[in-house]
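K.L.:
What follows is a structure written as structure tokens; I'll ask about it next.
The values are calculated or read from the model by the stated rules, or taken from the named source; none is laboratory data. Computed from a predicted structure; not experimentally measured. Neighbour counts are summed over all protein chains in view; Cβ atoms, including those assigned to glycine, are modelled from backbone coordinates with ideal geometry. SASA here: full protein model, heavy atoms, side chains in, ligands and nucleic acids out. Shrake-Rupley method; radii C 1.70, N 1.55, O 1.52, S 1.80 Å.
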Amino acid sequence: MPDTGVPVTRPAPQAAARPLLRLERLKRHFDVSPPWLARVLERKPRAIVQAVDGVDIEIARGETFSLVGESGCGKSTVARLVVGLYPPTAGRIEFDGADMGARRGRAEMAAIRRRMQMIFQDPYASLNPRWRVFDIIAEPIRAFGLAKSGQEIRQRVEGLLRQVRLTPADGVKYPHEFSGGQRQRISIARALASRPEFLVCDEPTSALDVSVQAQILNLMMELQRDFGLTYLFISHNLAVVYHISTRVGVMYLGRLVEVAATDTLFRRPRHPYTRMLLDTIPDLEMTGRRRAPVAGEVPSPINPPAGCAFHPRCPFANDRCRRERPELLAAGETRVACHAVEEGRLPAEERSYVRA
Amino acid sequence: MTSLANAPLLEVSHLRVEFPTRRGTLVAVDDVSFDIAPGEVLGVVGESGAGKSLTGAAIIGLLEPPGRIAGGEIRLEGERIDNLPYEKMRRIRGARIGAIFQDPLTSLNPLYTVGRQLVETIQTHLPLAASAARARALELLKEVGIPAAEARFEHYPHQFSGGMRQRVVIALALCANPRLIVADEPTTALDVSIQAQIIALLKKLCREHRTAVMLVTHDMGVIAETADRVAVMYAGRLAEIGPVRDVVKQAAHPYTRGLMGSIPSIGERSHRLTQIEGSMPRLTEIPPGCAFNPRCPHAGQRCTRERPDLMPAGRTRAACWLYDPQGVGAPLRAETVDA
């Protein structure tokens, strides 16, 4: 393993010039209604899942922005919206100043798409089992016409394989010949093939064992340092998020409830949901700890509670929380969507989740 | 009874699980020995393919053919259970050993209400009349924290959320008050907040019922919070076993140390994670000597030739020649270590 001596740490917050990615009031609803006949005969209503319901995010060049939350909170939907796998129901996605929803010619769109790529969670499902690794990695180069000759493609692919610590000889193999961690390396090589600036990583290490996860996280941080990549990182693992992120957004039922720099979020979480989430992390230091687990579960996104979606589980909820939906407002260095924080009636719990 | 007080509840000695295949026999669990005391929680950790789930399956007698126990002994309260006929083992399973699996949906029958499944399990193992069995089932549902138990009694598994289903599975495992529960990744399919609820529930029930638990998981965080002792498995073998605090903080085996270092933690400044190069060998390619030797930074010649047994290593016991008075022998050549 080449060690360049430069310490690999999470990138520091950037002075905000123009953000590389900007999401504005982004929404995505899914129609999960029963079939028309059932609706007519059985009088069943339409059912709409508000998977993403008004999300604003700005991601600066060179930083790692992470979205955390429990399953069903909409974090993966945001990832898919950003790379264009789903069209948004409403709202705006801006990449480097360009509105992704604007009508464009094919070539112009490809020029933007080339600059963002995605790494998926399941390295078993995201690689074509019938293709050799060489062709998997060469596909984006061919699709975007980034190399003039076969020779050039070969050189690029071999270089990419080395960058992810595989060998050029691995190119002739098929995905099934690799372990989960090695497959995720192939996914990363493929994502890097079009020389993108921005990578959307949807739970890239969740399917991997911890020792392999460490290899992949180290690799991702080294690549970020070497190529100045910007990451949108989706995860439910808070320790992983703490390790690699510059800033973190916490999602609950399709909305952001808190956005802050990583240290601020873990040292001084404001939103009751963030605190609850941080309370639940099983930690190696906590041998024999007895914790008071939170009651309740995430409600159905088909029928989200009125007002603040978290109020049924929140110990500080009052009438206003049940009625009026909180907006994401600045509170110190953090942005929080919570009436209790805004009114200052949340007990000032100066409890850091970062160990000294 | 007093004589049994200090005797282990479960004794596993030299367990070997094999899979005969066309290309030869694979040894998936190789010479594994440990015991569990009454009321104790033993965590079994390891990466995928380390043999932790198969060890659990062997204990509850649910190894899938062609997998079979090829050697060793499993004793429950002194009685040998690894060689019992199927029907006899079926009586023990449920009555004396309960099982909880990763995916609660596959442990529940989708065609029956949870109430019916509970009553059926109770009546299979306890001589109770229908009404008494129903009362016990309701009591169990309340005990595992299912709100409105009477109404939920008539519901089908699909009407429950993932966390609630896992509670039902725990209630099922507790039906006959077993002495031992084998829980295989009981929280892996659940969200973190639900995971915390289920762990707290398991711990509370074990304390109250004095049930011993063998908790199989790959999540060290869950183990650190729940277990009294930890067994670390690697390539079908036990690498290290000891009290949870010592294994987490002062691991002796180089593999355990690497494993602990590779877990991101919230605390120290963001730093590079410890990385164990390479990956666990496939069962067909387990190297001679210590199975970890090709990845071990301390490997010496002895490690490539002789297989270490568990030996005292500080506060734990580790299968590593570093803790033998004769040591590891001459270190390997550099390129062999890197490979």
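K.L.:
Semi-axes, largest first, in whole Å: what does sqrt of 5 times each Cα gyration tensor eigenvalue give for region A:74-126?
P.N.:
21, 15, 9
K.L.:
Cα-Cα pairs above 16 Å in region B:89-202: how many percent?
P.N.:
Percent of Cα pairs beyond 16 Å in region B:89-202: 56.
K.L.:
Also, I was wondering about something else. Please say if region B:144-226 is rounded, prolate or oblate, where rounded means a/c under 1.5 for a ≥ b ≥ c the square roots of the C-alpha gyration tensor eigenvalues, and otherwise the choice is prolate for a/b larger than b/c and oblate otherwise?
P.N.:
Judged from the Cα gyration tensor, region B:144-226 comes out oblate (a/c at least 1.5, b/c at or above a/b).
K.L.:
Per residue, what volume in Å³ does the convex hull of the Cα atoms of region A:1-144 enclose?
P.N.:
Working: hull volume 30.3 nm³, N = 144.
Considering the Cα atoms of region A:1-144, their hull volume per residue is 210 Å³.
K.L.:
Follow-up. Separation between the A:Ala98 and B:Thr106 pseudo-spin-labels, each 7 Å from Cα along Cα→Cβ, expressed in nm?
P.N.:
4.5
K.L.:
I've got another one for you. Rounded to the nearest 0.05, what FRET efficiency is calculated for B:Asn177 and B:Thr25 with R0 set to 41 Å and r the Cβ-Cβ distance?
P.N.:
0.60
K.L.:
Continuing with the same structure: Tell me, what HN-Hα J-couplings in whole Hz come from the Karplus equation 6.51 cos²θ - 1.76 cosθ + 1.60 at θ = phi - 60° for each residue of region B:292-299, using x for Gly and Pro?
P.N.:
8, 4, x, 9, 8, x, 9, 4
K.L.:
Using 1/(1 + (r/R0)^6) with R0 = 56 angstrom and r between the beta carbons of A:Ala90 and B:Thr284, what's the FRET efficiency to the nearest 0.05? Don't skip to the end; give the middle numbers.
P.N.:
Details: r = 54 Å, r/R0 = 0.97.
With a Förster radius of 56 Å, E is 0.55.
K.L.:
On to the next question. In terms of the ratio Rg/(2.2 N^0.38 Å) built on C-alpha atoms, what value belongs to region B:1-151?
P.N.:
1.22
K.L.:
In whole Hz, with x marking every Gly and Pro, tabulate ³J(HN,Hα) for region B:243-259 from phi via Karplus 6.51 cos²θ - 1.76 cosθ + 1.60, θ = phi - 60°.
P.N.:
Once θ is set to phi - 60°, the couplings for region B:243-259 become x, 4, 4, 6, 5, 6, 8, 10, 4, 9, 6, x, 5, 4, 4, x, 4 Hz.
K.L.:
Which value, in debye to the nearest 20, describes the size of the charge dipole of the protein assembly as shown about its Cα centre when Lys and Arg Cβ atoms bear +1, Asp and Glu Cβ atoms bear -1, and nothing else is charged?
P.N.:
Here the protein assembly as shown has a charge dipole of around 1140 debye.
K.L.:
Give me the mean projected area, in nm² to one decimal, of the convex hull enclosing the Cα positions of region B:27-73.
P.N.:
Average of the hull's projected areas for region B:27-73 equals 3.7 nm².
K.L.:
Only helical DSSP H runs with n ≥ 4 go in: add -39500 (n - 2.57) per run for the protein assembly as shown, normalise by residue count and round the 222 nm mean residue ellipticity to 500 deg cm²/dmol. It would help to have the intermediate numbers written out before the result.
P.N.:
Values: 25 runs with 224 residues, N = 695.
Rounded to the nearest 500, it is -9000 deg cm²/dmol.
K.L.:
Going by average Cβ density within 10 Å per residue, which order do the peptides A:319-330, A:212-223, B:10-21 take, highest to lowest?
P.N.:
Taking the mean over residues of other Cβ atoms within 10 Å, the ranking is A:212-223, B:10-21, A:319-330.
K.L.:
Convex hull volume of the Cα atoms in region B:207-339, per residue, in Å³?
P.N.:
Hull volume over Cα atoms, normalised by residue count, gives 129 Å³.
K.L.:
Something else: Using Stokes-Einstein with the Kirkwood hydrodynamic radius over Cα pairs, what translational diffusion coefficient do you get for chain A at 20 °C and a viscosity of 1.002 mPa s, in µm²/s rounded to a whole number?
P.N.:
Stokes-Einstein gives a translational diffusion coefficient of 97 µm²/s.
K.L.:
Still on this structure, I have one more. Normalise the Cα radius of gyration of chain B by 2.2 N^0.38 Å (N = residues in it) and let me know the number.
P.N.:
Against the compact-globule rule of thumb, the ratio is 1.06.
K.L.:
What is the pair-distance distribution P(r) of the protein assembly as shown, computed from all Cα-Cα distances in 20 Å bins starting at 0, with each bin given as a whole percent?
P.N.:
For the protein assembly as shown, the pair-distance distribution reads 16, 47, 33, 4, 0.
K.L.:
Also: Over region A:129-188, with the other protein chains present, what is the accessible area per residue in square angstrom, probe 1.4 angstrom? Walk me through the numbers before you get to the answer.
P.N.:
Values: 3050 Å² over 60 residues.
Accessible area per residue, region A:129-188: 51 Å².
K.L.:
Please give the average number of partner chain Cβ atoms lying within 10 Å of the Cβ of each residue in B:241-250, rounded to a whole number.
P.N.:
Mean shielding by partner chains, rounded to a whole number: 2.
K.L.:
Leaving out same-chain residues fewer than 8 places away, which lysines sit with a Cα under 30 Å from that of A:Lys148?
P.N.:
Cross-link targets: A:Lys173.
K.L.:
Note every residue of region B:163-211 with a reduction of at least 40 square angstrom in accessible area, all protein chains present versus the isolated chain, computed with a 1.4 Å probe, or write none.
P.N.:
SASA drop of 40 Å² or more in region B:163-211: B:Asp191, B:Val192, B:Ser193, B:Ala196, B:Gln197.
K.L.:
If I compute solvent accessible area with a 1.4 Å probe over the protein chains, what percent of it on region A:1-156 is carbon and sulfur? Numbers along the way, then the final one.
P.N.:
Values: 4440 of 8650 Å².
Here it works out to 51 percent.
K.L.:
Where only protein heavy atoms count, and the probe is 1.4 Å, what is the accessible area per residue for chain B in Å²?
P.N.:
Ligands and nucleic acids excluded, the figure is 43 Å² per residue.
K.L.:
In whole Hz and in residue order, list the ³J(HN,Hα) couplings for region B:26-34 that follow from phi through the Karplus curve 6.51 cos²θ - 1.76 cosθ + 1.60, θ = phi - 60°; x for Gly and Pro.
P.N.:
3J(HN,Hα) across region B:26-34, in whole Hz: 9, 9, 8, 10, 10, 6, 9, 10, 6.
K.L.:
Counting only other chains, and only Cβ atoms inside 10 Å, what mean value do you get across the residues of A:240-247?
P.N.:
3
K.L.:
Give the carbon-plus-sulfur fraction of the accessible surface of region B:1-123 in %, rounded to a whole number; probe 1.4 Å, heavy atoms of protein chains only.
P.N.:
52
K.L.:
Please report the antiparallel percentage of the DSSP beta bridges confined to chain A, to the nearest 5.
P.N.:
Approximately 60 percent, going by the DSSP bridge assignments.
K.L.:
In terms of Cα to Cα distance under 13 Å, which aspartates and glutamates are near enough to B:Lys204, apart from those fewer than 8 places away along the same chain?
P.N.:
In chain and number order, the partners are B:Glu40, B:Glu143, B:Glu225.
K.L.:
Also: Applying 1/(1 + (r/R0)^6) with R0 = 25 Å to the Cβ-Cβ distance of A:Glu108 and A:Ser149, what FRET efficiency is obtained, to the nearest 0.05? Before the final figure, lay out the partial values.
P.N.:
Working: r = 26 Å, r/R0 = 1.02.
That gives a FRET efficiency of 0.45.
K.L.:
Right, another one. Under 20 °C and 1.002 mPa s, how fast does region A:220-270 diffuse according to Stokes-Einstein, given a Kirkwood radius computed over C-alpha pairs? Answer in µm²/s, whole number.
P.N.:
179
K.L.:
If you don't mind, another one. Each label point is 7 Å from the Cα along the Cα-to-Cβ direction; what then is the distance between the points at B:Thr188 and B:Met89, in nm?
P.N.:
Going from the B:Thr188 label point to the B:Met89 one covers 2.1 nm.
K.L.:
Quick one: buried accessible area between A and B, total over both chains, 1.4 angstrom probe, nearest 100 Å²?
P.N.:
In total, this chain pair buries about 4200 Å².
K.L.:
Another question about this same structure. Accessible area of region B:145-204 with a 1.4 Å probe: how many percent of it is carbon plus sulfur?
P.N.:
Percent of accessible area from carbon and sulfur atoms in region B:145-204: 55.
K.L.:
While we're here: Considering Cα pairs under 8 angstrom that are at least six residues apart, work out the relative contact order of region B:65-179 and quote it in whole percent.
P.N.:
That works out to 34 percent.
K.L.:
Follow-up. On alpha carbon coordinates alone, what is the Rg over Rh value for region A:147-186, Rh being the Kirkwood radius?
P.N.:
Here Rg/Rh amounts to 1.01.
K.L.:
Give the shape of region A:73-180 as rounded, prolate or oblate, defined through the alpha-carbon gyration tensor: a ≥ b ≥ c are the square roots of its eigenvalues, a/c under 1.5 means rounded, and otherwise the shape is prolate if a/b is larger than b/c and oblate if not.
P.N.:
oblate
K.L.:
How far apart, in nanometres, would the label points at A:Arg39 and B:Thr113 be if each is projected 7 angstrom from Cα along the Cα-to-Cβ direction?
P.N.:
Placing both labels 7 Å beyond Cα along the Cβ direction yields 3.3 nm.
K.L.:
By a straight-distance test (C-alpha under 27 Å), which lysines pair with B:Lys88 as possible cross-link partners, with residues fewer than eight away in the same chain excluded?
P.N.:
Qualifying lysines at Cα under 27 Å: B:Lys52.
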